[in-house]
Amino acid sequence: MAKTLNPPATANNGKRTKLVLAGIVVAAALGAGSFFLGSLLSNRAPAAPAAPVVPAPIFVALDSFTVNLKSDDGDRFLHTGLSVKVADAATQARIAEYLPEVRSRVLLLLSAKQPADLATVEGKQKLAQEIRQSLALPFAPALPAQQVLDVLFTSFVVQ
């Protein structure tokens, strides 16, 4: 009978074990390298902080004003348009509710001015500040003050 030569079974098992161990070592090395590289990249480029959310401004447009000005050299008048920048919706609602009083306060301020007071940029800025202060006052004793941030002229003609 012929004998077949088979390599010993232990030699074949040794090669398989070495291949399996080599695969495990390679997989572990790749995993460790990926972890190390990921941690390096995450430390180098921190996420930018989120930009603060700026609330949209709230403007209340007032109808145009035309008033006679105090003048020594004849009849003069002022025609101007205004928008009021307010801090919150509650102030916006109060201004809309008390609009006749708002307009009256502004008309009284405007009609007390002289044309020379309004001819310069500084005079216009002073007028805007006076209007802001006047509109910030409460409309009734039980109401809070209005949060008026700015008064903006949308048109301005002295003639």
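For the stretch 70-101, how many residues meet the condition of being touching a Leu at 6+ places or on another chain (Cβ under 6 Å) and more than 18 Å from residue 155 (Cα to Cα)?
Residues meeting the conditions: 1.
Check whether at least one residue in the stretch 46-69 is charged (D, E, K, R) and at pLDDT below 75, and report yes or no.
No - not one qualifying residue is present in the stretch 46-69.
Could you please find all residues in the stretch 110-149 being among the hydrophobic types (A, V, I, L, M, F, W, C) and in contact with a Leu (Cβ under 7 Å, 6 or more places away or on another chain)?
Scanning the stretch 110-149 gives 110, 118, 127, 131, 145, 148.
Quick check on the stretch 7-27. Is at least one of its residues more than 43 Å from the chain's Cα centre (by Cα), in a loop (DSSP other than H, G, I, E, B) and at pLDDT below 70?
Scanning the stretch 7-27 turns up at least one residue that is more than 43 Å from the chain's Cα centre (by Cα), in a loop (DSSP other than H, G, I, E, B) and at pLDDT below 70.
The values are calculated or read from the model by the stated rules, or taken from the named source; none is laboratory data. These numbers were taken from a predicted model, which means no experiment stands behind them. Positions of Cβ are generated from backbone atoms using ideal geometry, with glycine treated the same way; all protein chains shown enter the neighbour counts.
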